[in-house]
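Shown next, in structure tokens, is the structure this report addresses.
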Amino acid sequence: MAAAAASISLSLHFHLRPPLPPPRSPPRHAPFPLLSPCPLPLRLPVAPSRLPSPHSWRPDLRARAGTIQTPTLARPGGVVETDRLPSDVRDRAMEAVDHFGGRVTIGDVASRAGLQLALAERALQALAADTEGFLEVSEEGEVLYVFPKDYRAKLAGKSFRMRAEPLVEKAKEVGAYLVRVSFGTALIASIVLVYTTIIAILSSSSSDEDNRGRRRRSYDSTIIIPTDLFWYLDANYYRSRRVEKENGMNFIESVFSFVFGDGDPNDGLEEKRWKMIGQYISSNGGVVTAEEMAPFLDVPPLSEQSKDDESFILPVLLRFQGHPEVDEQGNILYQFPSLQRTASSKGGGSREYVGTKWFAMFSGVEKYLEEKPWKFSKANASEKAMVAGLGGLNLFGVIILGNLLKQMAVTPGGLISFAAQLYPLLQIYAGSFFAIPLFRWFLLRKTNNDIRRRNKAREQRAQELVSPDSSLRRKLLSARDMAQRKVITPEEIVYTTEKGLLDQDYEVKEWERRFKELESE
């Protein structure tokens with residue numbers, strides 16, 4: 001069906017005599033009837049402003065309503081719109097929809113999921129198009145998205161990507177585990193290959209009796225090390241299995257952990273940051289101060305100079321489309337209109353609750369954003385000592401093997417030839433086994449110092465809110481006074497795409513409502 005827009009204008013004619021309503025009839029200005037929910041963009045009426053008093057009427061006075069443009073829920077043939085979204089955006093939007101019971105505004109999803117408003121709107125439109133969701137429009141022109149209870153099942157039935165993602169994630173986990181285990185296994189294999197080759201070289205050299213004796217003694221002393229090593233490794237097996245159960249890591253995995261670490265402990269920090277900010281703003285009626293945002297952002301340490309600098313709040317204004325407002329006392333407050341309108345009564349904050357337990361007035365949000373320091377390795381002390389010992393043993397063996405290979409005029413075949421060909425890789429492995437952890441150790445010192453500095457600055461800003469001085473208290477109370485949290489109830493809905501336009505008969509209902517208000521005066 002070709003895209004078209006049905007423009008409906010509300011024209012109300014009033015005559016002083018007699019004040020009777022017009023006959024009930026379908027809207028005359030619709031170019032064609034819409035007998036079923038339509039996915040095309042419609043221009044819908046917005047409730048007009050209140051009529052003037054009867055004393056100011058004129059016989060030909062006409063009040064005309066404004067219009068708004070509803071989002072397009074186009075469904076191109078066979079295309080799953082949600083598959084075009086990033087997976088994390090889709091999942092965060094769906095989690096927000098579930099939290100609010102399937103009836104949400106764009107601001108609800110943006111604040112709960114920490115998404116940009118434009119991205120939240122795009123996600124809701126895609127979800128509604130794929131799950132037979134529909135739109136509702138309030139008297140003030142606010143658009144709500146309503147989803148069926150089984151929208152997740154409908155989406156999973158259409159999207160092959162959603163069905164395949166759990167398998168892909170499982171494959172990634174298995175692959176990551178195999179990499180960790182393979183690196184640890186490579187250490188054992190390197191030790192076995194290096195010392196076995198050394199034994200083979202020493203055994204094959206018999207130029208004279210003294211050299212044989214010395215090499216035999218060297219051979220005897222060398223063979224004791226691997227024997228003791230594997231006896232110790234085998235004796236530790238059951239202990240390492242217990243450690244695996246307690247810490248989720250066995251000895252073979254601890255080799256990889258010692259060299260490369262265990263990943264970023266603050267993975268998902270940005271997502272958490274914006275969720276905390278969005279929920280805080282929404283909980284406080286869409287009006288906040290810069291001091292309230294500071295505990296969640298990267299701010300300089302608290303000082304007299306930094307108190308007047310509020311530039312750190314600019315990313316928040318851009319993400320949630322906020323703007324500054326100046327109160328009667330000259331304080332700069334920040335208002336976020338899109339986060340002031342909601343379809344749910346959940347999460348309302350107290351406008352008078354300022355002081356010692358400032359952050360207790362809304363649930364689910366921490367006092368400040370705290371970063372976790374990086375750990376060198378999650379392996380315990382005994383495992384790290386054993387890994388370092390095995391790495392040192394391997395490095396020592398590689399050095400000895402290199403000297404023996406240089407002394408050989410002709411390299412025999414078999415195991416010795418194979419080890420000689422792999423020797424460059426053995427050198428790289430043995431050298432990097434200590435070079436990488438050493439580099440990480442210096443890097444982590446600087447990284448953790450920066451993390452401690454940022455955490456301390458955010459904690460100071462949070463403490464300032466817990467015990468505000470008189471000027472800050474007045475500023476916070478001013479922000480609470482300006483807060484406007486509008487809950488859109490089903491009674492305020494004037495149009496829905498779930499029904500046909502003729503079934504809703506907006507013009508007649510709006511005229512009767514306004515006429516009754518006029519009579520009550």
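The values are calculated or read from the model by the stated rules, or taken from the named source; none is laboratory data. Quick caveat: nothing in here was measured; it's all calculated off a predicted structure. For neighbour counting, all protein chains shown are included, and Cβ atoms are generated from backbone atoms with ideal geometry for every residue, glycine included.
A few points about this structure:
- Residue satisfying condition, being within 28 Å of Met276 (Cβ to Cβ) and of a type outside the set (Phe, Trp, Tyr), within set Arg112, Arg163: Arg112
- Condition check for Phe396: aromatic (Phe, Trp, Tyr), more than 30 Å from Leu119 (Cβ to Cβ) and either out of contact with any strand residue (DSSP E or B) (no Cβ under 9 Å at 6 or more places or on another chain) or at pLDDT 85 or above (or both): yes
- Restricting the range 332-343 to residues that are buried (at least 17 other Cβ atoms within 10 Å of the Cβ) and either modelled with pLDDT under 85 or of a type outside the set (Ser, Thr, Tyr) (or both) leaves a set whose member that is nearest to Ala479 (Cα to Cα) is Leu333.
- The range 139-178, residues that are out of contact with any helix residue (DSSP H, G or I) (no Cβ under 8 Å at 6 or more places or on another chain), of a type in the set (D, E, K, R) and without any contact (Cβ under 8 Å) to a residue 60 or more places away in the chain: Lys149, Asp150, Glu169, Lys170, Lys172, Glu173
- Only a single item in (1) out of contact with any helix residue (DSSP H, G or I) (no Cβ under 7 Å at 6 or more places or on another chain); (2) under 23 Å from Arg485 (Cα atoms); (3) modelled with pLDDT under 75; (4) surrounded by 14 or more Cβ atoms within 10 Å (Cβ to Cβ) is not met by Ser363, and it is number (4).
- Check on Tyr232, surrounded by 11 or more Cβ atoms within 10 Å (Cβ to Cβ), more than 25 Å from Ala420 (Cβ to Cβ) and modelled with pLDDT under 90: yes
- Single unsatisfied condition, Glu325 versus (1) surrounded by fewer than 23 Cβ atoms within 10 Å (Cβ to Cβ); (2) in a helix (DSSP H, G or I): (2)
- For the range 73-95, a residue qualifies if it is modelled with pLDDT of 95 or more and more than 12 Å from the chain's Cα centre (by Cα), and exactly one does: Met94.
- Conditions (1) surrounded by 14 or more Cβ atoms within 10 Å (Cβ to Cβ); (2) modelled with pLDDT of 90 or more; (3) part of a loop (DSSP other than H, G, I, E, B): number failed by Lys372: (1)
- Qualifying positions in the range 457-478 - more than 11 Å from Ala294 (Cα to Cα) and touching a helix residue (DSSP H, G or I) at 6+ places or on another chain (Cβ under 7 Å): Val466, Pro468, Leu472
- Considering Phe296, Phe260, the condition of being under 17 Å from Val466 (Cα atoms) and either surrounded by fewer than 19 Cβ atoms within 10 Å (Cβ to Cβ) or among the aromatic types (Phe, Trp, Tyr) (or both) is satisfied by Phe296 alone.
- Members of the range 299-322 that are of a type in the set (Gly, Ala, Ser), loosely packed, with under 14 Cβ neighbours inside 10 Å and either part of a loop (DSSP other than H, G, I, E, B) or touching a residue at least 24 places away in the same chain (Cβ under 8 Å) (or both): Ser303
- Filtered residues of the range 83-123 (kept if of a type in the set (Ser, Thr, Tyr) and crowded, with 18+ Cβ neighbours inside 10 Å): Thr105, Ser111
- The test for being under 23 Å from Ala118 (Cβ atoms) and in contact with a strand residue (DSSP E or B) (Cβ under 8 Å, 6 or more places away or on another chain) holds for Leu317.
- Hits in the range 412-437 (condition: at pLDDT below 90, out of contact with any helix residue (DSSP H, G or I) (no Cβ under 9 Å at 6 or more places or on another chain) and either part of a helix (DSSP H, G or I) or crowded, with 17+ Cβ neighbours inside 10 Å (or both)): Ser417
- Selection of first residues in the range 458-483 that are more than 13 Å from Ile332 (Cβ to Cβ) and of second residues that are part of a helix (DSSP H, G or I) and of a type outside the set (S, T, N, Q), restricted to Cβ pairs under 6 Å at least 6 apart or on distinct chains, gives the following pairs, ordered by first then second residue: Arg458/Pro295; Arg461/Ala294; Arg461/Pro295; Ala462/Pro295; Leu465/Trp358; Val466/Trp358.
- Selection count, the range 186-204, where residues are surrounded by fewer than 22 Cβ atoms within 10 Å (Cβ to Cβ) and either in contact with a strand residue (DSSP E or B) (Cβ under 9 Å, 6 or more places away or on another chain) or of a type in the set (Gly, Ala, Ser) (or both): 5
- Every listed requirement among (1) at pLDDT 95 or above; (2) under 20 Å from the mean Cα position of the chain (by Cα) is met by Asp298 save one, (1).
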